[in-house]
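The values are calculated or read from the model by the stated rules, or taken from the named source; none is laboratory data. Worth saying up front: this structure is predicted, and the values here are computed from it rather than measured. All Cβ positions, glycine included, derive from the backbone under ideal geometry; neighbour counts span all protein chains shown.
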Amino acid sequence: MPKTTPTNDRVATVGRRKRAVARVRLSSGTGKLVVNDRAVTNPHPSILQPLELVGLTSAVDITVKVVGGGTTGQAEAVRHGIARALIVYKPESKTTLKKAGFLTRDPREKERKKPGLKRARRAPQWAKR
């Protein structure tokens, strides 16, 4: 469940996608985005989608710590975390974000490799004779 701290309208949430986990902190501000202690000027397109949908792109500051996964998984984990933070920060935006699918955790994960197979489902080449 999202956690809120009473001072300064700060919200802390967690977003996940594949192996990536993003810890998001959202507070009222001027639209700054900081990911892993670096200011981001040209973010992945999917990251700002929830903010654009709600109309708070330049009204909140976001700080993110993200670990695990690749670039797309991390970007979508951040998007999931931002969407979760927005429903605490601005509760009336919940239906809009839910309809857009930003609050739904994508459950798809990499399938594990099985013994006797080369990959998850790829079997060694088979010869009839």
Residue satisfying all of: in region 71-91; under 19 Å from Ser28 (Cα atoms) and among the β-branched types (Val, Ile, Thr); farthest from the chain's Cα centre (by Cα) among these:
Val88
Consider Gly31 carefully, then state whether it is surrounded by fewer than 13 Cβ atoms within 10 Å (Cβ to Cβ), modelled with pLDDT under 95, over 16 Å from Arg16 (Cα atoms) and more than 14 Å from the chain's Cα centre (by Cα).
no
Would you tally the residues in region 55-87 being assigned to a helix (DSSP H, G or I) and either among the polar types (S, T, N, Q) or at pLDDT below 90 (or both)?
3
Number of positions in region 39-54 that are surrounded by fewer than 24 Cβ atoms within 10 Å (Cβ to Cβ) and part of a helix (DSSP H, G or I)
5
Considering Ala20, Ala59, which residue is in contact (Cβ under 8 Å) with a residue 12 or more places away in the chain and under 14 Å from the mean Cα position of the chain (by Cα)?
Ala20
Which members of region 88-129 meet the condition of being in contact with a strand residue (DSSP E or B) (Cβ under 9 Å, 6 or more places away or on another chain) and assigned to a helix (DSSP H, G or I)?
Val88, Tyr89
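I'd like the full set of residues that are out of contact with any strand residue (DSSP E or B) (no Cβ under 7 Å at 6 or more places or on another chain) and surrounded by 12 or more Cβ atoms within 10 Å (Cβ to Cβ), limited to region 60-74.
The one that is out of contact with any strand residue (DSSP E or B) (no Cβ under 7 Å at 6 or more places or on another chain) and surrounded by 12 or more Cβ atoms within 10 Å (Cβ to Cβ): Thr72.
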With respect to Thr95, is the statement that it is surrounded by 13 or more Cβ atoms within 10 Å (Cβ to Cβ) and either free of Cβ contacts under 8 Å to residues at least 12 places away in the same chain or β-branched (Val, Ile, Thr) (or both) true?
no
